[in-house]
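Here it is, the structure, as C-alpha cells.
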C-alpha cells in the first residue's frame with residue numbers, strides 16, 4: 001500500500017484530471033455507440049419488411065427510427081470529434097511515440113465514419129423524394145460501414161492491450177513497424193466480435209425496451225408489437241452468441257493479459273485451485289472481504305480443471321499492476337457485466353420458448369417489465385465492459401510499454417480541471433437536450449396517433465432540430481423551397 | 001517520397017475541412033449577425049434549411065485531419081497539441097458548444113431559451129474557426145517547434161491573431177456565397193440580394209486581412225513570406241485571388257451556383273499556397289516533413305487506406321452532393337412520421 005501511495009504521489013498532478021476527463025467523455029460517447037453501429041441495421045431490417053410486405057406500420061416505424069438516428073448521429077459526431085482532440089490534448093506523448101504504429105486503425109475508422117455520415121445523410125433526407133427501393137438500397141452499405149468503423153477502433157484499442165508489430169531501437173523508440181501484426185494483435189479478434197455483438201444486442205434491447213414500456217402502459221396495437229418484436233428478436237438471437245464470445249474473451253484475457261485477469265477475478269497469489277469471488281473487496285494485503293466465495297471455480301472457468309494455474313496480481317511488481325482499489329473496480333464491473341449477460345440469456349430463452357410453443361409473445365406482464373429493463377441493463381453492461389478493459393490495463397496506457405503517467409500532457413492540472421468542468425456542464429446540457437428531443441418526438445407521435453389532426457397545434461417552436469419538421473413551418477417560413485409545400489399525405 | 005505524398009494529403013484534407021466546415025461555420029456567423037427574432041427569421045430559416053443535410057459530413061473532415069496528423073506525422077501532432085494546448089482546447093469546447101447550441105435551439109419552447117441557445121451556437125461558430133485559425137497561424141509562424149511548452153507566446157502572436165481573424169472572415173465569405181446560391185435554389189430573391197451583399201463585404205474583409213497578414217508574415221515569419229511571394233507559392237496565391245474575383249462577379253449574376261466552386265477554389269488555393277510556402281517544413285525551420293514522418297510501413301499503408309477510401313467514399317460523396325443540389329434530399333415532415341390514425345386493436 002505504501003508503495004502504491006508513493007506511486008500516486010509521484011504521478012504528475014495533471015494525471016487525475018486528464019484521466020477523469022477522458023473517462024467522462026468516453027463513458028458518455030459509448031452510450032451513443034450501440035445506436036450508431038446497430039440502429040441503422042435494425043432500421044433497415046424493418047424498412048425491408050415494410051417494402052417487401054407493403055406494410056405501412058413497419059414503414060412508419062422505420063421512418064421514426066431514422067428520425068431518432070438523425071439526432072443520435074449528430075450528437076455522436078460532436079462527442080467523437082472531442083475524443084480525437086483529447087488524444088492530443090491529454091495524451092500527446094502516447095500519440096507522438098506510438099501514433100504511427102497503431103494510428104492506422106483510427107484512419108480506417110475515420111474513413112468508415114465519413115462513409116457512414118454520407119450514407120446516413122442520403123438515407124435520412126431521402127425519405128421524401130427518392131423512390132422506395134433505390135432509397136433502401138442506397139442505405140444497405142450502412143451496417144458494413146459501421147462494422148468497418150468498429151474494426152478500426154477496436155484494432156487500436158486491442159493494440160493498446162497487447163501491443164506488437166514494432167521493435168524498440170536503442171533509445172526505446174519504436175522502429176521496424178509491421179502494420180499487419182500491429183492491426184491484428186492477439187486481443188483483436190476476441191475484442192472485435194465481443195464488441196460488435198454487444199453493440200447489436202444493446203441497440204436491440206434499447207429499442208425494444210421503448211415499446212415494452214408502451215406495451216406495459218396498455219398500448220397493445222400492432223405498431224407496438226412490431227416495434228418490439230423486430231429489435232427484440234435480433235437481440236435475443238445474439239444474447240446466447242454473446243455468452244460464448246464473452247467466455248472466449250475471458251479465456252483470451254487469462255492467457256494474454258494475465259494481470260488483467262487476476263484483477264478481474266481478484267487473484268492475489270499465483271496458484272492452482274483458485275476460488276471464484278462474486279463481488280467482494282480486495283485489500284492491500286491480498287485478503288478479500290465481502291462477496292461470495294466459490295471454491296475452485298476460478299481455476300475451472302479459466303482452464304477447465306481445478307488444477308489450472310492462475311497468475312496472481314503479485315506475479316508482477318506492485319508498480320506494474322492495478323492498485324487494490326482499481327482491481328476491485330475491475331472485479332465489480334466484470335461481475336456486473338457477466339451477471340447481467342446471464343440474466344439476459346434467461347430472458348431470451350423465455351421469449352424463444354413462447355415463440356416456439358405458440359408463435360406469440362409471452363403474456364406475462366413480468367416479461368415486459370424485464371424487457372423494458374433489458375435496454376438500460378445492456379447499456380450498463382457496455383459501460384462495465386469498457387471499464388473492465390480500460391482500468392484492468394492500469395497503470396499502462398500501452399501495455400508494458402508506456403505508463404499513463406508517461407503519456408499525460410504537461411499542461412497544468414488547473415487548466416485541465418477547468419476544461420473538465422466546462423465539458424461536464426456542456427455535456428450534461430447536450431445529453432439533456434438529446435433526451436428531450438427524443439422524448440418530445442415520441443410524445444408528438446403518440447399524440448398524432450390519437451388525434452387525427454396532429455394534436456397540439458402548430459407552434460413552430462416545437463420543431464426538433466434534425467428530425468422531422470412541421471409542414472407548416474416550411475410553408476410559412478418563406479425561405480423554404482416551394483417544392484416542400486407538398487400535401488400532408490404525400491409521403492414521397 | 002511517401003512522406004511528401006502523405007503531407008500533401010494532409011494539406012488536401014485540411015483544405016477540404018476549411019471549405020466544407022468553413023461553409024458551415026460561415027452559416028453560423030450569418031446566423032449570429034442576422035439580427036433580432038423577427039428580422040433574422042428569414043435568413044435563419046434559409047440557413048437551417050441549407051445546412052441540414054450536409055453539415056455532419058462537412059465536419060467529419062476534421063477527424064480525418066487529426067488522424068492523418070498522428071498516424072502520418074506523430075512528432076508534429078505531439079508538438080502542435082503540446083505547444084498550442086489552449087487554442088485547441090478552446091476549439092474543442094467550441095465544437096461541443098456549437099453542436100449543443102444547434103441541438104438545443106429548436107426544441108426550446110420559450111423565446112428567451114431559443115435566443116440563448118441560438119447565440120451559443122452562433123458564437124461558437126465564430127470562436128471555433130478563430131482558434132483553429134490561430135493554431136494554424138502558430139504553426140506557420142514556426143513557434144510550435146517540438147518540445148515547446150504551452151505558453152501564450154506560441155499562439156497569441158500577431159500572426160496567430162490575424163490567421164484566426166482571416167479564418168473567420170473566410171468562413172463568412174464561403175457561407176455567404178453558398179447561401180446566395182441556396183437562396184437562388186429555393187427561389188427567394190430578397191435573400192439572394194441579402195447574402196450577395198454579405199458575400200461582397202466579407203470578401204473585402206478577407207482581402208484586407210490577407211494584406212495585413214502578408215505584411216505581418218514579412219516581419220515575423222520571413223520563411224513563409226519569402227515562399228509566398230515567389231515561385232509556386234506566389235502562383236497559387238495569384239490563382240486564389242483570381243478565383244475570389246471570379247466569385248465576386250459570379251454571385252452578382254444568375255449563375256450564382258458556379259460561385260460555390262470558385263469560392264471553394266479560392267480558399268483551397270490559399271491553403272495550398274500556405275502548404276507550398278512551408279515546404280519542406282511542417283513547422284517552418286524546425287521540423288521537416290521527413291523528420292516528422294512516421295514509420296515508412298505506416299505511411300505506406302496510410303496511402304493505401306486513403307486510396308481505397310477515396311474509391312469508396314468518393315462516389316458516395318458525389319451522390320450526396322448531387323442529390324442535395326437536385327433538391328432530392330429533404331427533411332421528413334411530421335406528416336411523414338405521424339402516420340395519422342394508427343391501426344389498433346390487435347393482439
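The values are calculated or read from the model by the stated rules, or taken from the named source; none is laboratory data. Remember, predicted model here, so these are calculated numbers, not experimental data. Here the Cβ is made from the backbone with ideal geometry for all residues, glycine too, and neighbour counts use every protein chain on show.
If you go through the range A:397-435 one residue at a time, how many are touching a residue at least 60 places away in the same chain (Cβ under 8 Å), closer than 30 Å to residue A:253 by Cα and not in a helix (DSSP H, G or I)?
Matching residues across the range A:397-435 total 8.
Next up: State yes or no: is residue B:310 more than 7 Å from chain A (Cβ to nearest Cβ) and at pLDDT 80 or above?
So residue B:310 passes the test.
I would also like to ask the following. Working only within the range B:41-72, note down all residues that are more than 7 Å from chain A (Cβ to nearest Cβ), free of Cβ contacts under 8 Å to residues at least 60 places away in the same chain and closer than 25 Å to residue B:164 by Cβ.
Once the filter is applied, which keeps residues that are more than 7 Å from chain A (Cβ to nearest Cβ), free of Cβ contacts under 8 Å to residues at least 60 places away in the same chain and closer than 25 Å to residue B:164 by Cβ, the range B:41-72 yields B:51, B:55, B:58, B:61, B:65, B:69.
Out of (1) surrounded by fewer than 16 Cβ atoms within 10 Å (Cβ to Cβ); (2) assigned to a helix (DSSP H, G or I), what's the single condition that is false for residue A:156?
Going through (1) surrounded by fewer than 16 Cβ atoms within 10 Å (Cβ to Cβ); (2) assigned to a helix (DSSP H, G or I) one by one, residue A:156 breaks only (1).
The rows are residues; the columns are (1) surrounded by 23 or more Cβ atoms within 10 Å (Cβ to Cβ); (2) touching a helix residue (DSSP H, G or I) at 6+ places or on another chain (Cβ under 7 Å).
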site	(1), (2)
A:209	yes, yes
A:213	no, yes
A:219	no, no
A:238	yes, yes
A:261	yes, yes
A:273	no, yes
A:280	no, no
A:292	no, no
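While we're looking at this one, here's another question. Evaluate the following for residue A:430: is it surrounded by 18 or more Cβ atoms within 10 Å (Cβ to Cβ), within 14 Å of chain B (Cβ to nearest Cβ) and modelled with pLDDT of 85 or more?
no
Of the conditions (1) crowded, with 23+ Cβ neighbours inside 10 Å; (2) part of a helix (DSSP H, G or I), residue B:291 satisfies every one except a single condition; which number is it?
(1)
Continuing with the same structure: Give just the number: which of (1) in contact with a helix residue (DSSP H, G or I) (Cβ under 7 Å, 6 or more places away or on another chain); (2) in a helix (DSSP H, G or I) does residue A:299 not satisfy?
Unmet condition: (1).
Residues A:384, A:370: which one is assigned to a helix (DSSP H, G or I), under 24 Å from residue A:249 (Cα atoms) and more than 13 Å from every other protein chain (Cβ to nearest Cβ)?
Result: A:384 is the single residue among A:384, A:370 that is assigned to a helix (DSSP H, G or I), under 24 Å from residue A:249 (Cα atoms) and more than 13 Å from every other protein chain (Cβ to nearest Cβ).
Determine if the range A:163-176 includes at least one residue that is part of a helix (DSSP H, G or I) and either within 12 Å of chain B (Cβ to nearest Cβ) or within 23 Å of the chain's Cα centre (by Cα) (or both).
no
Of the residues that make up the range B:68-82, is at least one modelled with pLDDT of 85 or more, crowded, with 21+ Cβ neighbours inside 10 Å and under 18 Å from residue B:314 (Cβ atoms)?
yes
I'd like to know if the range A:128-149 contains one or more residues that are surrounded by fewer than 19 Cβ atoms within 10 Å (Cβ to Cβ), away from every other protein chain (no Cβ under 11 Å), farther than 14 Å from residue B:313 by Cβ and under 17 Å from the mean Cα position of the chain (by Cα).
yes
Could you please let me know if residue A:84 is in a helix (DSSP H, G or I), under 30 Å from residue A:185 (Cα atoms) and facing chain B (nearest Cβ under 10 Å)?
When the stated conditions are applied, residue A:84 passes them.
Given the residues A:441, A:419, which is the only one that is modelled with pLDDT of 85 or more, within 9 Å of chain B (Cβ to nearest Cβ) and within 31 Å of the chain's Cα centre (by Cα)?
After applying the criteria, what remains is A:419.
Any residue at all in the range A:29-47 that is in contact (Cβ under 8 Å) with a residue 40 or more places away in the chain, at the interface with chain B (Cβ under 10 Å from one of its Cβ atoms), surrounded by 24 or more Cβ atoms within 10 Å (Cβ to Cβ) and touching a helix residue (DSSP H, G or I) at 6+ places or on another chain (Cβ under 8 Å)?
no
Among the residues of the range B:264-279, are any in a loop (DSSP other than H, G, I, E, B), surrounded by fewer than 18 Cβ atoms within 10 Å (Cβ to Cβ), at pLDDT below 85 and in contact with a helix residue (DSSP H, G or I) (Cβ under 9 Å, 6 or more places away or on another chain)?
Yes, because at least one residue in the range B:264-279 is in a loop (DSSP other than H, G, I, E, B), surrounded by fewer than 18 Cβ atoms within 10 Å (Cβ to Cβ), at pLDDT below 85 and in contact with a helix residue (DSSP H, G or I) (Cβ under 9 Å, 6 or more places away or on another chain).
With respect to residue A:352, determine if the residue is part of a helix (DSSP H, G or I), surrounded by fewer than 19 Cβ atoms within 10 Å (Cβ to Cβ) and in contact with a strand residue (DSSP E or B) (Cβ under 9 Å, 6 or more places away or on another chain).
no
Out of everything in the range A:177-188 that is without any contact (Cβ under 8 Å) to a residue 60 or more places away in the chain and in a helix (DSSP H, G or I), what residue ends up being nearest to residue A:147 (Cα to Cα)?
In this case the residue turns out to be A:188.
Can you give me the ranges of the helices (runs of 4 or more DSSP H) entirely in the range B:97-185 with at least 3 residues that are touching a helix residue (DSSP H, G or I) at 6+ places or on another chain (Cβ under 9 Å) and more than 14 Å from chain A (Cβ to nearest Cβ)?
Filter on the range B:97-185 gives B:111-140, B:158-185.
Here is a list: B:282, B:328, B:320. Which entry is modelled with pLDDT of 80 or more and out of contact with any strand residue (DSSP E or B) (no Cβ under 6 Å at 6 or more places or on another chain)?
Of B:282, B:328, B:320, the one residue that is modelled with pLDDT of 80 or more and out of contact with any strand residue (DSSP E or B) (no Cβ under 6 Å at 6 or more places or on another chain) is B:320.
Taking the range B:74-92 only, how many residues are more than 21 Å from residue B:21 (Cβ to Cβ) and more than 8 Å from every other protein chain (Cβ to nearest Cβ)?
So the answer is 1.
So that you can scan it fast, the table gives a plain yes or no per residue for (1) farther than 30 Å from residue A:168 by Cβ; (2) surrounded by fewer than 19 Cβ atoms within 10 Å (Cβ to Cβ); (3) in contact with a helix residue (DSSP H, G or I) (Cβ under 8 Å, 6 or more places away or on another chain):
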position: A:380; (1), (2), (3): yes, yes, yes
position: A:384; (1), (2), (3): yes, no, yes
position: A:412; (1), (2), (3): yes, yes, no
position: A:434; (1), (2), (3): yes, no, yes
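Report yes if some residue within the range B:246-260 is within 14 Å of chain A (Cβ to nearest Cβ), outside any helix (DSSP H, G or I), buried (at least 16 other Cβ atoms within 10 Å of the Cβ) and touching a helix residue (DSSP H, G or I) at 6+ places or on another chain (Cβ under 7 Å); otherwise report no.
no
Considering only the range B:284-307, state which residues are farther than 17 Å from residue B:6 by Cα and either under 26 Å from the mean Cα position of the chain (by Cα) or facing another protein chain (nearest Cβ under 8 Å) (or both).
B:284
Would you confirm whether any residue within the range A:246-259 is assigned to a loop (DSSP other than H, G, I, E, B) and closer than 14 Å to residue A:191 by Cβ?
yes
Take the residues of the range B:186-201 that are in contact (Cβ under 8 Å) with a residue 12 or more places away in the chain, part of a helix (DSSP H, G or I) and within 14 Å of chain A (Cβ to nearest Cβ): which is surrounded by the fewest Cβ atoms within 10 Å (Cβ to Cβ)?
So the residue we want is B:190.
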